Amino acid sequence: MERIVHVHHVEKDAFLKGNIEPDPEEVDLVFDLSPSFAEVVAQVRVELNWNEPNDGVELEGRHNVGFGMHTRWKTMRINSEQRWSVYKETVAGSEDKALELFATKTVDARIELDLNRPSSPVQERSPPPMSQEEATQSPIVQSPIAQQPPLDNEYDDGDDGFEMNDNNVGDLDKYWTQEEMDHSIPYSRCYASDSDDDGPEEEVDEDGLTAKEAERAEIFKKVTGRDIRVPLFRDVSLADGAVVDGGKSFLLGARPISKRDVDATTAMISKGLTFDTFLELKIWLKEFSIKHHRPYIVVHSDLKKRYTLKCVDKRCPWVVRARPFKKGPSWHITSCVATHMCRGPKLDGKDAQPDHRQLTSEFIAYKLSAEISSLPIMSIKSVQDTVKSRFAYDVKYGKAWKAKQAAFKMLYGDWEEAYNRVPRLLLAMAATNPGMVHVVEPSATKMTLHDGKRVRVFHRAFWSFEQCTRAFEHCRPVIAVDGTFLTGQYKGTLLVAIANDASNRLVPLAFALVEIENNDNWEWFFHILRTRVIPPSKEVCVISDRHQGILNAVELAIPGHAPLHHRWCMRHFCANFYRACKSKELSDLLQDCCLAYSERRFANLYNGLLKHKDLNAGGQEFLHRHLIFNSKWARAYDEDGRRYGQMTSNMAECFNNVLKGVRALPVTAIIQYTFEKLNVYFQNYTDETEKEIANNCEFPTKVQEFMDFQARKADSQTATFYDNVDWVYQVNEPGGTTQGGVQHGGRAFRVSLKTCECTCMATQPTKGKGAWEGNDKEESVWEEAVRTVRKREKEEAARKEKEEHEKKMAERARMQRGYEEYLLRNKRRNDKLKAERDREARAKFLRSCQLEQIARERANRMHLEEVAREAERIKEERAQMEDAKTEERHHFFDSVVQLARDIREKEELAEESKKKKARGEGAFATQ
């Protein structure tokens, strides 16, 4: 299938979706052998008849990354032989084996080149002349914008002209969606047009070719190196490479590296080989074993004594013994058995080993460190492909990722070590680049432990190269600033300041690594930029989004340095309006308001935008809120022309896209990448400038195109001289049709050569630093007068600026005094409040003491009462006990008395009884 290539060149959307319907315009290219990239491009030119000198061919390949019944198409841009080979390998391993390409024709249109809008041909205009009353009508001055009736033959001033600056805001819907939802931007549709020139037949030369076919043959010869007019069997240009063919021959074409390319029995290890370090010995042995597909195991590994290896097969006698020298870090092989007696691993088949045990991520990192250092944004797939092409082994994605991280650690240290290396790296750059500005600040509060010591944590860093500073002296005093977030382990933000030269080429001015975009970091960045990079007397216009940190930083005044003039980026401003109104059409109308040159044109567009039926309440509130700041976002109200026509911060956004691939790298890699990228930029710019100088170009390419455009435009204009004092002319321009298809009448403009002003407002004198100061050629009288007037204006502007500065300083001093008085009053009030609070606290304390005393007395009284009651109770109990004892005693006494009485009675009875008995016995005796 590699000999057949299917080429599509119409309906790219259908191609990206897999061409569900057959493509009638499809072209099939058939080759004898697998074609190279140059052969495919040449054949596409021939088949599609794209053979003009300024025709270019861009190819995109389609391949299926799905599996089974699931189809998923991916595209790959093909612009080199390497990408073509990778694409063929990818297609060979996918479900769909066909080589499907989409070809797009590109045309090098130099005159129609416009960085701001799509290029369009210059159109001639021939309308009726404008009346004198219309030509001399004064512009509108209003606050707010007054309502005006529509004008007859209203024209779009400046929209059909040639823009010198890149003011393209792009698709606001996609930009807003990407900012808010982080969705990827879909592919744009591209179309290619074929030549349909079916003119009459032309004369042919001696080879039977027409002039067009002969030109095509010359192009084919330049591309492929072969003359199409000479048949293959007559071409003897490669006769010196012919060989004898004695019979059936086999064609051996190009093929990728194979595991069988290296003879494993060749012994390159021998006794006495020396190595500078132990690491070099290990890497060399690993590379030897990988290239010869002979894995080994480590038997002994002692950095001070020995290092012994043996074959993984225990029956194989292969062994290598190495020892270090007594003096120094060098190692040498003391003995070895360099021949393997084992069969070795299988290189193909079902039982083949896909990996090698010595092919570790650390080894891959060591071998690919040079490639990763030169291209830090190398993808993991490229690492896998490089390992495959160099060592003929397929490594998994995880191992390739670990290898890349290990390479980063070797080159730049780990993530924490990278921050420690930032000062040393900047110092090393400054040592070889005198005049480089670099500042590194540690954190004032955050501390960490490093090697057992408490050290301060990295906070932020700033660097700028002298070459950029010197180049900025010859550029327009306009810079764009922006911040791009980093995606590494510790995150962070990279701040950039970008300028551009006369050819709209980027001039990166300064960089800074900070933790986050906030007021403090932006003020610090602008302070160093203004005091160390920008000349003190140079007034610079800053274009950016409306981040609060930037808004605050540009307003700060630095004594002895010129002020900054801040302007808003039109793209961000229109995107914010799109968020409010959710209408692409209204955003385009606001963009036209921003780009208008004259106040009259701005008023008409702005009033039309306010009257639009689709404008909601949010959009109206947005417009009314920002109208008073129209000098920040409208070109018609740009004070002193500080913007120089630059309406967006696209140059900063473009450079952020350049840095997009390194945002996940360590900070030292980012700094080194900026250095290398700027080196490439300056080398390329130098080559281009030298070519322009060698070609005797009076102006840069972009400026020359603008001058040519204006010169062709002036061919249809006429000028009438009116005033020989102020050198006033009336320039009449014929009417016609604009690029948008709108017809307009003739236009007349008032041009003053003395003040360099025109009523079209497209070109105005710039009063800031870097304004026109004449040239070294012989000047006429009016040029000298213009110069004198401009000098007086500058002196007057400088005087007014000095007065304004003094007023600002006086106002600032007054505000400072007021602030000090406010602090004094606030201190007195605080002291008074503190005294009152102290008095209240003392009174509260005394009251609490009194309450506590009262409570204590009450408690004492309650305690005494309780003690008294208890004593009374005890007394009563004792009295009761005494009464009980007394009663008991009385009872005892009564008992004793009664007992005595009873005893006495008994004794009396006994005595009486004895007496009676005695009387009885006496009587008996008598008887």
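The values are calculated or read from the model by the stated rules, or taken from the named source; none is laboratory data. This is a predicted model, so every value here is computed, not measured. Quick reminder, even Gly has a Cβ in these numbers, built from the backbone with ideal geometry, and neighbours come from all protein chains shown. Heavy atoms of the whole protein, side chains included, go into the accessibility calculation; ligands, DNA and RNA do not. Shrake-Rupley method; radii C 1.70, N 1.55, O 1.52, S 1.80 Å.
Looking at (1) more than 17 Å from G645 (Cβ to Cβ); (2) open to solvent by less than 20 Å² (accessible area, probe 1.4 Å), which is the one condition that is false for K582?
All conditions pass for K582, except number (2).
Determine whether region 336-353 contains at least one residue that is in contact with a helix residue (DSSP H, G or I) (Cβ under 6 Å, 6 or more places away or on another chain) and surrounded by 12 or more Cβ atoms within 10 Å (Cβ to Cβ).
Yes, some residue in region 336-353 is in contact with a helix residue (DSSP H, G or I) (Cβ under 6 Å, 6 or more places away or on another chain) and surrounded by 12 or more Cβ atoms within 10 Å (Cβ to Cβ).
Within region 357-376, can you find the residues that are surrounded by fewer than 16 Cβ atoms within 10 Å (Cβ to Cβ) and not charged (D, E, K, R)?
Result: A370, S374, L375.
Condition check: charged (D, E, K, R), open to solvent by 20 Å² or more (accessible area, probe 1.4 Å) and within 30 Å of the chain's Cα centre (by Cα). Does D614 satisfy that?
So D614 fails the test.
Being touching a residue at least 40 places away in the same chain (Cβ under 8 Å), out of contact with any helix residue (DSSP H, G or I) (no Cβ under 6 Å at 6 or more places or on another chain) and among the basic types (K, R), is that true of even one residue in region 545-552?
Looking through region 545-552, none of the residues is touching a residue at least 40 places away in the same chain (Cβ under 8 Å), out of contact with any helix residue (DSSP H, G or I) (no Cβ under 6 Å at 6 or more places or on another chain) and among the basic types (K, R).
Can you work out which of the residues in region 49-59 that are assigned to a loop (DSSP other than H, G, I, E, B) and of a type outside the set (D, E, K, R) is most open to solvent (accessible area, probe 1.4 Å)?
P53
If only one of D640, D614 is touching a residue at least 12 places away in the same chain (Cβ under 8 Å) and under 28 Å from E555 (Cβ atoms), which one is it?
The match here is D640.
When region 268-290 is examined, which residues are found to be more than 13 Å from F325 (Cα to Cα), more than 42 Å from the chain's Cα centre (by Cα) and open to solvent by 60 Å² or more (accessible area, probe 1.4 Å)?
M268, K271
Residues of region 680-711 being among the basic types (K, R) and modelled with pLDDT of 85 or more, which ones?
Listed by number, the list holds a single entry, K691.
For region 10-48, enumerate the residues that are more than 13 Å from R62 (Cβ to Cβ), assigned to a loop (DSSP other than H, G, I, E, B), in contact with a strand residue (DSSP E or B) (Cβ under 9 Å, 6 or more places away or on another chain) and open to solvent by less than 40 Å² (accessible area, probe 1.4 Å).
Correct list: F31, P35.
Can you pull out every residue in region 447-482 that is farther than 19 Å from F511 by Cα, in a strand (DSSP E or B) and under 26 Å from the mean Cα position of the chain (by Cα)?
V457
Please find, within region 321-332, the residue that is nearest to D276 (Cα to Cα) out of those that are within 51 Å of the chain's Cα centre (by Cα) and surrounded by 14 or more Cβ atoms within 10 Å (Cβ to Cβ).
S330
Scan region 432-451 for residues that are within 22 Å of H527 (Cα to Cα), of a type outside the set (V, I, T) and either surrounded by fewer than 12 Cβ atoms within 10 Å (Cβ to Cβ) or out of contact with any His (no Cβ under 7 Å at 6 or more places or on another chain) (or both) and report the count.
Selection size over region 432-451: 5.
State yes or no: is E58 within 30 Å of Q704 (Cβ to Cβ), of a type in the set (D, E), modelled with pLDDT of 85 or more and touching a Lys or Arg at 6+ places or on another chain (Cβ under 9 Å)?
So E58 passes the test.
Each row is one residue, and each column tells you yes or no for (1) under 16 Å from A502 (Cβ atoms); (2) of a type in the set (V, I, T); (3) out of contact with any His (no Cβ under 9 Å at 6 or more places or on another chain).
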site: V667; (1), (2), (3): no, yes, yes
site: I670; (1), (2), (3): no, yes, yes
site: K677; (1), (2), (3): no, no, yes
site: E688; (1), (2), (3): yes, no, yes
site: P700; (1), (2), (3): yes, no, yes
site: F706; (1), (2), (3): yes, no, yes
site: D715; (1), (2), (3): no, no, yes
site: T718; (1), (2), (3): no, yes, yes
site: G735; (1), (2), (3): no, no, no
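Filter region 71-99 down to the residues that are closer than 14 Å to E60 by Cβ and open to solvent by 20 Å² or more (accessible area, probe 1.4 Å) and list them by number.
Passing the criteria: W73, K74, T75, M76, R77, N79, S80, R83, V86, T90.
All but one of (1) open to solvent by 20 Å² or more (accessible area, probe 1.4 Å); (2) in contact with a strand residue (DSSP E or B) (Cβ under 6 Å, 6 or more places away or on another chain); (3) of a type outside the set (K, R); (4) modelled with pLDDT of 90 or more hold for L495, so report the exception by its number.
Unmet for L495, out of (1) open to solvent by 20 Å² or more (accessible area, probe 1.4 Å); (2) in contact with a strand residue (DSSP E or B) (Cβ under 6 Å, 6 or more places away or on another chain); (3) of a type outside the set (K, R); (4) modelled with pLDDT of 90 or more: (1).
Cβ-Cβ distance below 8 Å, separation of 6 or more or different chains: which pairs start in region 806-823 with a residue that is under 17 Å from E555 (Cα atoms) and end on one that is surrounded by 10 or more Cβ atoms within 10 Å (Cβ to Cβ)?
That search, which allows pairs on different chains as well, returns K808/A557; R812/A557.
Out of the residues in region 300-315 that are under 20 Å from E362 (Cα atoms) and of a type in the set (A, V, I, L, M, F, W, C), state the one that is surrounded by the fewest Cβ atoms within 10 Å (Cβ to Cβ).
The residue in question is L303.
Collect the residues in region 66-86 that are modelled with pLDDT of 80 or more, more than 29 Å from the chain's Cα centre (by Cα) and of a type in the set (S, T, Y), keeping them in residue-number order.
Of everything in region 66-86, just one residue is modelled with pLDDT of 80 or more, more than 29 Å from the chain's Cα centre (by Cα) and of a type in the set (S, T, Y), namely S85.
So which residues in region 532-553 are touching a His at 6+ places or on another chain (Cβ under 9 Å), in a helix (DSSP H, G or I) and either among the basic types (K, R) or open to solvent by 10 Å² or more (accessible area, probe 1.4 Å) (or both), if there are any at all?
L551
Being assigned to a loop (DSSP other than H, G, I, E, B) and touching a residue at least 24 places away in the same chain (Cβ under 8 Å) is the filter here, so list the residues in region 554-565 that pass it.
L556, A557, I558, G560, H561, A562, P563
Anything in region 18-42 that is under 23 Å from E81 (Cα atoms) and β-branched (V, I, T)? List them, or say none.
Those that are under 23 Å from E81 (Cα atoms) and β-branched (V, I, T): V27, V30, V40, V41.
Among the helices (runs of 4 or more DSSP H) contained in region 314-427, which hold 2 or more residues that are under 16 Å from K286 (Cα atoms) and touching a residue at least 12 places away in the same chain (Cβ under 8 Å)?
361-374, 380-391
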